[in-house]
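Comments concern the structure below.
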Amino acid sequence: VVGQGGAMYPTTLLDANYRLDSGFVADSAPDPVRKDAVELLLRICQRNHLSVVPSIRFDGAISALDRKVIENDAQANGLLLVSREGKVWDKPVASSLQPGRRYNPLNADVQAAMLEVVHEFVQRYGAHPAFEALALDLAPQSHVVLPGLDWGYDDQTVAEFIHDTGLESPPIAKDDPT
């Protein structure tokens, strides 16, 4: 019900996209009303005595975070993933499998933005008789998981790691193959 930065229900937390609601963003005849496909699905399932377990995949833009990224230094604030070499994962989209911008799942603001989407969804549909549970898609290209051990090295995350563990971040060895 959530994926690639869009949603199958009306929300102000995520932008509309062609994949999940083409009517709202169509060039030829834009539809001013965002459809609530989730409500429709829940009603159909309820009528047929079925349960629904919708899935949320955080693999696209989150408006509130994008505004913060524009206003701040990504290396310092920890909103975007930073590699051990200091490269920020903020690039044009090369394929539909890899998002152009990867948020840092260790960052409190990123976690709060994702939780806000989950809370909104559960508050909106949680009492529906056909709503069984909510799945969080942990796909490797999502914002919920780190893409590997070489990511999560922004200034804020490293400082929090050092503070919480008392350990220093090891320097990159000259013979490191990465």
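If you filter the stretch 35-61 down to residues that are closer than 17 Å to Leu115 by Cα and without any contact (Cβ under 8 Å) to a residue 60 or more places away in the chain, you find that the one that is surrounded by the fewest Cβ atoms within 10 Å (Cβ to Cβ) is Ala61.
Please state which of the following conditions Arg102 fails to meet, knowing it meets all the rest: (1) basic (Lys, Arg); (2) surrounded by fewer than 18 Cβ atoms within 10 Å (Cβ to Cβ); (3) under 14 Å from the mean Cα position of the chain (by Cα). Result: Arg102 fails condition (2) only.
If you filter the stretch 162-173 down to residues that are modelled with pLDDT of 90 or more and either in contact with a Lys or Arg (Cβ under 9 Å, 6 or more places away or on another chain) or open to solvent by 90 Å² or more (accessible area, probe 1.4 Å) (or both), you find that the one that is farthest from Ala76 (Cα to Cα) is Asp164. Of all residues in the stretch 64-87, those satisfying the criterion of being open to solvent by 50 Å² or more (accessible area, probe 1.4 Å) and free of Cβ contacts under 8 Å to residues at least 60 places away in the same chain are Arg67, Lys68, Ile70, Glu71, Asn72, Asp73, Lys87.
The values are calculated or read from the model by the stated rules, or taken from the named source; none is laboratory data. All figures in this text were calculated on a predicted structure; none of them were measured in a lab. As a convention, Cβ positions derive from the backbone with ideal geometry for all residues, glycine included, and neighbour counts pool all protein chains shown. Protein only, heavy atoms only, side chains kept; ligands, DNA and RNA dropped before computing areas. Shrake-Rupley method; radii C 1.70, N 1.55, O 1.52, S 1.80 Å.
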